[in-house]
Amino acid sequence: MSDNLFALVRQRIGTPGKLFIETSDGRRFTYADMLDLSARLAHVLTSRGVQTGDRVAVQVEKSAEAIMLYLACLRAGAVYLPLNTAYTLAELEYFIGDAEPRMVVASPRNGAALGQLASRLGVSATETLGTSGDGSLMELARSMPADFADVARSKDDLAAILYTSGTTGRSKGAMLTHWNLASNALTLEEYWRFTADDLLLHALPIFHTHGLFVATNTILMANASMLFLPKLDADEMMRLMPRATCMMGVPTFYVRLLQEPRLNRETTAHMRLFVSGSAPLLAETHRAWSERTGHAILERYGMTETNMSTSNPYDGDRVPGTVGFPLPGVELRVVDPESGAALADGEVGMIEVKGPNVFKGYWRMPEKTAAEFKPDGFFITGDLGKIDERGYVHIVGRGKDLVITGGYNVYPKEVETEIDSIPGVVESAVIGVPHPDFGEGVTAVVVVPPGSTLTEKDVLSRLEGRLAKFKQPKRVFLTQELPRNTMGKVQKNVLREQHKDLYAK
Ligand code: AMP
């Protein structure tokens, strides 16, 4: 039997007439439609020269058809390569040059420009795909046969390449195999108890692992359904919430929805599960959500390279500020970043993971790949964290965000937690900024509500006696918002850049 992820998808379609995706403009796609459309699109791919192992680079707005295209790539044995819709032509030049796709799919408004770029880079086929079944790709699909002989793939063959967001240096293409995706989807379906009765409120982008794999593959495993929204829209989400059974979101979703007066026990009564990930969920948000809705958000942790690695339990305590336990089949350890020695529970170090979820390596970067895997197969995530006495994993931050001041390590999360507990503070980000005497100077950017009278001095005096002197920020900046990317991650690189000359002599 083939280990193509699509073989598994096909096998788990209990009821072909069941809804797979409903879009916000009211179009409905059943599992039977999915089989039909993905077959037609697979024929389009092969007729335009896409062969087994070829990359198909896709930069389109979110639509049900884009998911069908992803599935068509699986069926044709091609490698799906979704690209952030925010990338500019200059950025796309790097991705297309690096990935050398056989085909590029653009949204209709970018078709001409991207087509030109692609052909300059030697890509022979460019097609377009819109959000309402429009574009050249669907045009071609209409005249294609509605069945397709899926290409056999082994577990280790590539299904997708996702470029990491790359806040330092060049973005790297994470190579994900059919089994990486299939094993993780099967695990999540079971761990989070997905069934064919589920209807997922889906407002995430689908160029990222969260909306594409965590959400869509898990739904596919359960023969369940999704309500597709183009993006975070609190008003629309509140309107649809009473129909849904579950939601997956980044922390920003929860923060925004908490501002909705309609969010309460009644409007969420039909929901059985709220999942958060991709960035840290403030413990405060977790508590506020529980109070308002009676639901404890389930926080999980993963990354493009590893799919999902840990999750809070479905039954049992979902502990705010933690990302739960390693998922079944995933090994996770915390080690000393310098010596590599395993650390005792409670000690902060580098998180390393191993399991069927972990990617195959970085596309055409064998040295980078070798540098980030240990000889015993563990992947060095770059995240710092610890395991507490109950076995819950805590993420302390990215290793590269660690501040080293006067030779001492300062974990930004520790300082941020203290700052966040000051009345009148919404949230904070602590960064290291080049400092002539200390190497780096601890610097805090603190979010306060409009009209706040809190001052830098107030924040500093509140930290006196609560944090060792070397951990206390040298400067505090008050602001109303932190820079975030589409996945809700605070862009500390942007903050570091903004403040880089702060301590220059
Ligand atoms: P990405 O590859 O874009 O999915 O980003 C992965 C990174 O997001 C991880 O390496 C973590 O730094 C961060 N991340 C994901 N989930 C969480 C979480 N629940 N809490 C804290 N950080 C997270």
- Which FRET efficiency value, to the nearest 0.05, do you get for residue 470 and residue 90 by plugging their Cβ-Cβ distance into 1/(1 + (r/R0)^6) with R0 = 41 Å? 0.50
- Query: Which value, in nm² and rounded to one decimal, describes the direction-averaged projected area of the C-alpha convex hull of the range 381-505?
  - Reply: 9.0
- Message: Suppose the chain between residue 196 and residue 258 were pulled fully straight at 0.36 nm per residue; how much longer would it get relative to their current alpha carbon spacing?
- Response: 19.5 nm
- Message: I need 380, 351, 404 ordered by Cβ neighbour count within 10 Å, fewest first.
- Response: 404, 380, 351
- Item | Cα pair count fraction exceeding 19 Å, expressed as % - the range 315-450 | 60
- Which of the listed residues, 137, 68, 148, is farthest toward the dipole's positive end in the range 37-156, when Lys, Arg count +1 and Asp, Glu count -1 at the beta-carbon? 148
- Task: Report the FRET efficiency, 1/(1 + (r/R0)^6), for residue 390 and residue 28, where r is their Cβ-Cβ distance and R0 is 60 Å, rounded to 0.05.
- Result: 0.85
- Task: Report, ordered by chain and residue number, the aspartates and glutamates lying within cross-link reach of residue 457, taken as a straight Cα distance under 19 Å and ignoring same-chain residues fewer than 8 apart.
- Result: 416, 418, 420, 427
- Query: D for the range 68-151, whole µm²/s, Stokes-Einstein with Kirkwood Rh over alpha-carbon pairs at 4 °C and 1.567 mPa s: what number?
  - Reply: 95
- Hey, how many Å between the Cα centroid of the range 57-101 and the Cα centroid of the range 401-469? 40
- With +1 on each Lys and Arg Cβ and -1 on each Asp and Glu Cβ, how big is the dipole of the range 229-342 about its Cα centre, in debye rounded to the nearest 20? 480
- Query: Got a sec? Charge dipole of the chain, +1 on Cβ for Lys and Arg, -1 for Asp and Glu; which of 282, 160, 384 is way out at the positive end?
  - Reply: 160
- Do me a favour and compute the ellipsoid semi-axes for the range 269-330 from its Cα gyration tensor, root of five times each eigenvalue, largest one first, whole Å. 21, 12, 10
- Query: Over its Cα atoms, what ratio of radius of gyration to 2.2 N^0.38 Å does the chain give?
  - Reply: 0.99
- Query: Quick one: putting +1 on the C-beta of Lys and Arg, -1 on the C-beta of Asp and Glu, what dipole do you get for the range 349-505 around its Cα centre, in Debye to the nearest 20?
  - Reply: 320
- Item | Sum of side-chain charges, residue 463 neighbourhood, beta-carbon under 15 Å (Lys, Arg +1; Asp, Glu -1) | +1
- Message: Modelling each spin label as a point 7 Å along the Cα-to-Cβ direction, I'd like the residue 288/residue 333 distance in nm, to one decimal.
- Response: 4.0
- Message: Positive end of the dipole of the chain, charges at C-beta (+1 Lys, Arg; -1 Asp, Glu), about the Cα centre: which of 311, 89, 403 has its Cα farthest in that direction?
- Response: 89
- Note on the structure: Candidate cut points under GluC sites (Glu not before Pro) in the range 209-312, DSSP loop plus at most 16 other Cβ atoms within 10 Å of their own Cβ, are 266
- Nearest 20 debye, what's the magnitude of the dipole of the range 108-167 about its Cα centre given +1 on Lys and Arg Cβ and -1 on Asp and Glu Cβ? 240
- Centroid-to-centroid separation of the range 305-364 and the range 2-17 [C-alpha atoms, Å]: 29
- Hey, what angle do you get for helix 89-99 against the long axis of the chain, alpha-carbon based, 0 to 90 degrees rounded to 10? 70
- Distance between Cα centroids, the range 112-147 to the range 215-290: provide it in whole Å. 33
- Item | Set 354/492; 62/360; 471/505 screened for pairs whose C-alpha atoms are more than 24 Å apart | 354/492; 62/360
- Message: Tell me the mean residue ellipticity at 222 nm calculated for the chain from its helices only (DSSP H runs of n ≥ 4, each -39500 (n - 2.57), averaged over every residue, nearest 500).
- Response: -8000 deg cm²/dmol
- All-pairs Cα distance distribution in the range 12-84, expressed in whole percent, bin size 5 Å: 4, 17, 24, 23, 18, 11, 4, 0
- Nearest-5 percent of antiparallel DSSP beta bridges in the chain? 60
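Where a number appears in this text, it was derived from the coordinates with a stated rule and is not lab data. All figures in this text were calculated on a predicted structure; none of them were measured in a lab. Using ideal geometry, Cβ is built from the backbone for each residue, glycine included, and neighbour counts are taken over all protein chains shown.
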